[in-house]
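Data block below; observations after.
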Amino acid sequence: MTKLIAYYRVSTKRQGDSGLGLDAQRKAVADHAAAADATVEAGYTEIESGTRADRPELAKAIAHARRSKAKLVIAKLDRLARNVAFVSALMEAGVDFVACDNPHANRLTIHILAAVSEDEARRISERTTAALAATKARGTLLGSARPGHWTGREEARLAGARRGNKRSAEVRAASAVAAVADLLPSIQRRREAGESFATIAAALNAAGQRTVRGGEWAATQVKRAVDRGAGK
């Protein structure tokens, strides 16, 4: 039987509190699961404001679906498909995906949407590159190639390199946290309650949870997840 991880989204806190819109989404997902002989293992609800760029509940849903080898399901594709954060997250995650209102829309659809966005970005980049090339052809030096650009600023160059290395490490750590985004809150609560890393690892294994690589949890892996979640 196909396993599903549901992702629901409402636009305001008021809608989230009232359930407005959520009931219809849940019914659509339930109907799809029944028709597809699938089971909904978990659901994640995003209360998204118009100014919020991150999608923490989406990250949890994707992490859960990826580790469980389940399919991510949403009720409606229309608004989410135009959301850059949603498209990017799905592209990077590589999880199977289905929309109840358009069951034929899948990862291929997302690839097409991303390809359109990528083409637009490429065209902008090409125009920028052409403009810079024309400037250089006129003999104008740009950026750090300008004479004396780094004179007396060697420390600034080294500081920039250090910032780049730090950012690279942060990106790797963020990816590791995202992979267990759905489990991290419960792991942190267990730690706050005084449970050992070994006890938490045993509980995760007993619940059928697996690491990103599909193996069983060990105390060291739980500790690493907690440390990364705390930004250590």
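Some observations on this one:
- Within the range 46-79, being among the basic types (Lys, Arg), surrounded by fewer than 20 Cβ atoms within 10 Å (Cβ to Cβ) and modelled with pLDDT under 85 holds for 52, 76, 79.
- Residues that are modelled with pLDDT of 85 or more and not basic (Lys, Arg) within the range 210-225 comprise 216, 217, 218, 219, 220, 221, 222, 225, listed in sequence order.
- Matching residues in the range 156-188 - criterion: being surrounded by 11 or more Cβ atoms within 10 Å (Cβ to Cβ), at pLDDT 75 or above, in a helix (DSSP H, G or I) and of a type outside the set (Gly, Ala, Ser): 184, 185, 187, 188
- Taken as a whole, the structure places residue 5 among residues that are modelled with pLDDT of 80 or more, touching a helix residue (DSSP H, G or I) at 6+ places or on another chain (Cβ under 8 Å) and within 16 Å of residue 96 (Cβ to Cβ).
- Across the range 131-146, not a single residue is classified as assigned to a loop (DSSP other than H, G, I, E, B), modelled with pLDDT of 75 or more and not hydroxyl-bearing (Ser, Thr, Tyr).
- In the range 215-228, the residues that are surrounded by 14 or more Cβ atoms within 10 Å (Cβ to Cβ) form Cβ pairs under 8 Å with partners that are part of a loop (DSSP other than H, G, I, E, B), at six or more places apart or across chains, as follows: 217/209; 217/210; 217/211; 219/196; 221/211; 225/180; 225/183.
The values are calculated or read from the model by the stated rules, or taken from the named source; none is laboratory data. Bear in mind that the values here come from a model prediction, so they are computed numbers and not experimental data. Glycine also receives a Cβ, built like all others from the backbone with ideal geometry; neighbour counts cover every protein chain displayed.
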